[in-house]
Amino acid sequence: DIVMTQTPLSSPVTLGQPASISCKSSQSLVHTNGDTYLNWLHQRPGQPPRLLIYKISNRLSGVPDRFSGSGAGTDFTLKISRVEAEDVGIYYCMQHTQFPHTFGQGTKLEIK
Amino acid sequence: QVVESGGGLVKPGGSLRLSCAASGFSVTDAWMSWVRQPPGKGLEWVGRVKSKTGGGTIDYISPVKGRFTISRDDSNNTLYIQMNSLKIEDTAIYYCIASQTAGAYDIWGQGTVLTVSS
């Protein structure tokens with residue numbers, strides 16, 4: 001199984017400041033078709049997860065442009081350019097290049 | 001666009017079937033999955049069914065293989081997961097998810113809670 005490792009596990013951030021989360025996979029996430037199925041999800045307390053970014057860097061419709069994804073192969077990053085109060089919660093990276101699909105442990109974003 | 005139902009309290013060794021009613025798309029034409037989240041913990045993929053055009057095959061994670069069965073009812077546009085020989089460690093919120101954007105599981109339900117306890 002592909003292991004997804006996120007860092008940090010907790011990230012206290014000041015409102016208006018940037019935040020960055022790293023996700024590393026134990027194997028390359030490049031599919032045989034050339035796509036890389038690395039997604040980022042956000043889960044607020046008591047809510048289901050919501051997809052933010054798919055295939056490394058594609059924002060889902062309605063996701064603010066302060067969210068951006070980057071990376072390739074086994075190293076990926078989610079960046080929030082200016083953290084807002086509604087961004088608190090847990091962020092997960094997720095791969096569905098290979099089954100079993102797997103998630104990172106989650107990174108808790110909180111406001112200082 | 002997907003609504004799960006069927007959760008509840010079950011004794012160890014018992015069975016339960018969860019449902020996922022889809023609207024706005026066909027469960028036959030979508031890649032769909034079940035994902036679970038134990039209380040206070042992270043997310044775990046349970047099983048996946050490919051779209052009919054994608055082959056329709058179904059895959060499960062090892063801990064549930066042989067105990068859980070995913071199926072589709074095209075007439076009701078509903079995805080199911082039949083769970084047998086339930087264990088305490090199956091306790092979780094079960095989410096039904098679907099891909100409606102190429103390369104993305106972008107549709108998530110609100111989840112339904114399964115509690116396995118004596």
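If you check B:A92, B:A30, B:A98, B:A22, which single one turns out to be under 25 Å from A:G106 (Cα atoms), in contact (Cβ under 8 Å) with a residue 60 or more places away in the chain and in contact with a strand residue (DSSP E or B) (Cβ under 9 Å, 6 or more places away or on another chain)?
The conditions single out B:A98.
Residues that are within 12 Å of chain B (Cβ to nearest Cβ) and either at positive phi or open to solvent by 10 Å² or more (accessible area, probe 1.4 Å) (or both): which strands (runs of 3 or more DSSP E) entirely in segment A:41-102 hold 2 or more of them? Can you show your working first?
On the way: elements: A:50-54, A:67-72, A:75-80, A:89-95.
Where strands (runs of 3 or more DSSP E) fall fully within segment A:41-102 and carry at least 2 residues being within 12 Å of chain B (Cβ to nearest Cβ) and either at positive phi or open to solvent by 10 Å² or more (accessible area, probe 1.4 Å) (or both), they are A:50-54.
Those residues that are within 14 Å of chain A (Cβ to nearest Cβ) and over 10 Å from the mean Cα position of the chain (by Cα), I need them from segment B:67-92; list them, please.
Of everything in segment B:67-92, just one residue is within 14 Å of chain A (Cβ to nearest Cβ) and over 10 Å from the mean Cα position of the chain (by Cα), namely B:A92.
Only one of B:V116, B:V35 is out of contact with any Phe, Trp or Tyr (no Cβ under 9 Å at 6 or more places or on another chain), open to solvent by less than 10 Å² (accessible area, probe 1.4 Å) and β-branched (V, I, T). Can you tell me which? Break it down stepwise before answering.
Working: B:V35 fails: out of contact with any Phe, Trp or Tyr (no Cβ under 9 Å at 6 or more places or on another chain).
Result: B:V116 is the single residue among B:V116, B:V35 that is out of contact with any Phe, Trp or Tyr (no Cβ under 9 Å at 6 or more places or on another chain), open to solvent by less than 10 Å² (accessible area, probe 1.4 Å) and β-branched (V, I, T).
Yes or no: A:I21 modelled with pLDDT of 95 or more, open to solvent by 50 Å² or more (accessible area, probe 1.4 Å), over 27 Å from B:T57 (Cβ atoms) and not aromatic (F, W, Y)?
no
Scanning segment B:93-118 for residues that are outside any loop (DSSP other than H, G, I, E, B) and over 13 Å from B:G6 (Cα atoms), which turns out farthest from the other protein chains (Cβ to nearest Cβ)?
Restricting to residues being outside any loop (DSSP other than H, G, I, E, B) and over 13 Å from B:G6 (Cα atoms), the top hit is B:V116.
The values are calculated or read from the model by the stated rules, or taken from the named source; none is laboratory data. Fair warning: this is a prediction, and the values are worked out from it, not measured in the lab. Backbone-built Cβ (ideal geometry, glycine too); neighbour counts: all protein chains shown. SASA here: full protein model, heavy atoms, side chains in, ligands and nucleic acids out. Shrake-Rupley method; radii C 1.70, N 1.55, O 1.52, S 1.80 Å.
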